[in-house]
Amino acid sequence: MTPAEETAELLRQFGIQSSGELACHSPIDGSELGRVQIGNAGNAAAQAQEAFLRWRTVPAPRRGELVRLIGEELRPAKEPLARLITLEAGKILQESLGEVQEMIDICDFAVGLSRQLHGLTIASERPNHRMMEQWHPLGPVLVISAFNFPVAVWAWNAALALVCGDSVVWKPSEKTPFCAEAVARAVRRAAERFGDAPEGLVQVVQGGRETGEALVDDSRIALVSATGSTEMGRVVGPRVTQRFGRVLLELGGNNAAIVAPSADLELASRAILFSAAGTAGQRCTTLRRLIVHESIAEDLVGRLRAIFARVKIGDPREPETLIGPLIDRAAFEAMESVVGDQIQRVDAIPGGYYVPPAIIEVGEQNATVMRETFAPILYVLRYRAFEEAIALNNAVAQGLSSSIFTNELKEAEFFISSVGSDCGIANVNIGPSGAEIGGAFGGEKETGGGRESGSDSWRAYMRRQTNTINYSSDLPLAQGIRFDVAP
């Protein structure tokens with residue numbers, strides 16, 4: 001079955017009509033999968049504001065019930081939704097199934113969180129006063145997602161935003177619109193079962209850059225959570241802050257792994273394969289720089305070249321395939337501009353851009369290495385002293401994810417200390433790619449500084465309020481100030 005035929009079948013299952021101005025093409029063979037209508041940004045923001053005013057009054061545990069129902073609707077849809085992700089994004093089916101599971105897992109996390117949204121009681125310096133801190137719903141949240149994780153990143157944001165009392169507007173990547181439409185159907189079914197969810201609480205607004213800009217600039221949007229390139233973040237961030245909105249950015253990554261002399265090379269090789277080649281190198285957490293001690297470099301690189309040569313590249317729907325296509329021609333040309341004649345396009349399926357991961361040994365961390373190319377390119381650098389490896393890890397402008405392979409306790413502890421990796425994620429004896437929903441996800445520097453998913457990331461979707469209550473008949477002022485009118 002061709003990608004277009006399989007997509008048509010899935011759209012019928014999800015009850016999605018193909019019509020509109022925005023065309024979607026499959027990276028598998030370049031064929032058109034269908035079209036969607038471009039949404040109205042202004043109407044979406046207005047409906048989101050109205051829905052928020054009602055939703056914020058619903059008790060948080062009750063809000064959690066809606067998220068529980070969303071997760072319940074996603075469970076039976078896991079396999080067909082994963083197939084649709086593979087057709088639109090080109091990810092192998094195993095990764096697509098994992099992405100839907102992430103959505104289910106974050107719903108479970110958020111349901112528990114709905115009974116744990118808490119503030120603090122703080123000691124007041126004034127007698128017979130109590131000071132406390134509360135967290136209140138923030139407002140409409142805009143989620144701008146990227147093609148490489150077309151649904152999971154939305155769920156990271158939406159599940160938390162909903163239990164926090166916010167409405168959600170989703171502007172998906174124009175390259176993966178049908179995934180969003182399928183998820184919207186699941187949300188709609190959950191809302192019907194919930195019974196009294198306000199109209200416009202969760203919306204999908206399809207479109208390109210103009211649609212995104214209109215939503216970003218709308219003052220009714222309280223928080224913009226945007227995932228994409230650093231260049232995109234440079235535009236979105238200032239536009240939101242200029243109107244005093246809140247922004248959560250998940251941008252580029254140029255992630256490194258240090259392999260020390262004591263490392264288990266078999267373990268490291270397997271981890272490097274997934275981290276460098278998973279999603280055809282199109283993850284923000286993809287391993288792009290391998291910093292290996294000179295004493296083991298020849299051995300490790302030889303192992304990697306042998307493993308990479310055995311990887312099956314081709315149709316991501318086939319169970320044996322580990323590397324599917326790049327998203328489009330522009331991605332291929334970006335890789336070609338870096339590796340030049342070393343690129344070897346695989347003739348897997350006509351119309352698709354299939355490439356094997358490239359291993360490039362470099363003598364120094366030059367400008368090309370320090371710039372992220374969203375493709376399966378692994379640069380290999382050698383080091384002598386451990387401090388040199390740490391410096392190489394931290395020398396790039398991005399600061400998302402990092403890892404070290406070592407069996408030396410001192411090296412591992414140094415790497416995750418305040419003077420070690422400067423990234424938001426620092427792993428030991430696993431690769432930099434593949435995060436769990438329980439931990440906060442995000443990075444520093446040009447990665448944007450945002451945090452999504454687990455831990456205390458929920459605070460980004462709420463506003464903080466400090467309260468002081470006087471339960472006496474006196475009025476002592478803070479800092480011992482006297483301010484009385486003479487009798």
Looking only at the range 309-348, which residues are among the β-branched types (V, I, T) and at pLDDT 95 or above? V311, I313, T321, I323, I327
What tally of residues in the range 466-487 results from selecting those that are over 23 Å from L120 (Cβ atoms) and either in contact (Cβ under 8 Å) with a residue 40 or more places away in the chain or open to solvent by less than 30 Å² (accessible area, probe 1.4 Å) (or both)? 1
Residues in the range 44-68 that are over 27 Å from the mean Cα position of the chain (by Cα) and farther than 20 Å from D108 by Cα: how many? 4
In this structure, is R35 among the basic types (K, R), open to solvent by less than 90 Å² (accessible area, probe 1.4 Å) and outside any helix (DSSP H, G or I)? yes
Among the candidates T241, T230, T286, which residue alone is of a type in the set (V, I, T), in contact (Cβ under 8 Å) with a residue 24 or more places away in the chain and out of contact with any helix residue (DSSP H, G or I) (no Cβ under 7 Å at 6 or more places or on another chain)? T230
Within the range 135-165, which residues are of a type in the set (G, A, S) and either open to solvent by 20 Å² or more (accessible area, probe 1.4 Å) or more than 17 Å from A440 (Cβ to Cβ) (or both)? G139, S145, A146, G165
D218 fails exactly one of (1) open to solvent by less than 30 Å² (accessible area, probe 1.4 Å); (2) charged (D, E, K, R); (3) free of Cβ contacts under 8 Å to residues at least 60 places away in the same chain, namely (3)
Just to check your reading of the model, which residue among Y383, Y353 is aromatic (F, W, Y) and within 18 Å of E95 (Cβ to Cβ)? Y353
Here's a check for you: in the range 323-350, which residue that is part of a loop (DSSP other than H, G, I, E, B) and aliphatic (A, V, I, L, M) is nearest to G302 (Cα to Cα)? I343
Would you confirm, using the coordinates I've provided, whether P80 is in contact (Cβ under 8 Å) with a residue 24 or more places away in the chain and out of contact with any helix residue (DSSP H, G or I) (no Cβ under 8 Å at 6 or more places or on another chain)? no
State all residues of the range 259-311 that are charged (D, E, K, R), in a loop (DSSP other than H, G, I, E, B) and exposed (fewer than 14 other Cβ atoms within 10 Å of the Cβ); if no residue qualifies, say none. E294
If I filter the range 269-283 for residues that are touching a helix residue (DSSP H, G or I) at 6+ places or on another chain (Cβ under 6 Å), among the small types (G, A, S) and on the phi < 0 side of the Ramachandran plot, do I get at least one hit? yes
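The values are calculated or read from the model by the stated rules, or taken from the named source; none is laboratory data. Small disclaimer: the values here were computed from a predicted structure and weren't measured. Note that each Cβ is placed from the backbone with ideal geometry, even for glycine, and that neighbours are counted across all protein chains shown. The area values use the complete protein model at the heavy-atom level, side chains included, leaving out ligands, DNA and RNA. Shrake-Rupley method; radii C 1.70, N 1.55, O 1.52, S 1.80 Å.
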